[in-house]
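The values are calculated or read from the model by the stated rules, or taken from the named source; none is laboratory data. Since this is a predicted model, take the numbers as computed values, not measurements. All Cβ positions, even for glycine, are placed from backbone atoms using ideal geometry, and neighbour counts span all protein chains on display.
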Amino acid sequence: AKEQYEGALFLHLTVFGKKWVEQAAKEDASIATWLAGKDNIYALGVNAKEKKGMVLKVGYPEGKQTVTGTAYTADLNNGFINLFNRRLAK
């Protein structure tokens, strides 16, 4: 935020799922302002029930994490779904 980075941000599934970026925005108004002005933030998402992986388009209006669309969707195989579910159990 301090450097006004204009490139895309790609958030790891855990970072997105735990809302760590939203937390940073709550703690620092300059981060919240910078994030609110970006339209090129993406995060990985998984829908285990439907066996789908997604690249989500994400925004942070007023510092709140919001999914604004889906950039890409792919089918996930059972091996990945099993790995994902084991990771959730930890």
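Please work out which residue is modelled with the lowest pLDDT, limiting yourself to the range 50-90 and to residues that are among the hydrophobic types (A, V, I, L, M, F, W, C) and within 16 Å of PHE16 (Cβ to Cβ).
Going through the qualifying residues, I end up with LEU88.
Does LEU56 satisfy the condition of being crowded, with 16+ Cβ neighbours inside 10 Å, closer than 24 Å to ALA1 by Cα and within 9 Å of the chain's Cα centre (by Cα)?
Yes; evaluated as a whole, the condition is true for this residue.
May I ask you to verify whether GLU50 is in a loop (DSSP other than H, G, I, E, B) and not aliphatic (A, V, I, L, M)?
yes
Hey, any hits in the range 29-42 for a residue that's hydrophobic (A, V, I, L, M, F, W, C) and assigned to a strand (DSSP E or B)?
Yes, the range 29-42 contains at least one residue that is hydrophobic (A, V, I, L, M, F, W, C) and assigned to a strand (DSSP E or B).
For the range 1-23, which positions are touching a strand residue (DSSP E or B) at 6+ places or on another chain (Cβ under 9 Å) and under 12 Å from LEU35 (Cα atoms)?
ALA8, LEU9, VAL21
Provide a single number: the residues in the range 72-90 that are loosely packed, with under 12 Cβ neighbours inside 10 Å and either in contact with a Phe, Trp or Tyr (Cβ under 7 Å, 6 or more places away or on another chain) or outside any helix (DSSP H, G or I) (or both).
The qualifying residues number 5.
Taking the stated definitions as given, is ALA24 in a loop (DSSP other than H, G, I, E, B) and surrounded by fewer than 17 Cβ atoms within 10 Å (Cβ to Cβ)?
Criteria not met by ALA24.
Within the range 16-46, work out how many residues are under 17 Å from THR68 (Cβ atoms) and β-branched (Val, Ile, Thr).
2
Which one of LYS26, LYS52 is among the charged types (D, E, K, R) and touching a strand residue (DSSP E or B) at 6+ places or on another chain (Cβ under 6 Å)?
Testing whether each residue is among the charged types (D, E, K, R) and touching a strand residue (DSSP E or B) at 6+ places or on another chain (Cβ under 6 Å) leaves just LYS52.
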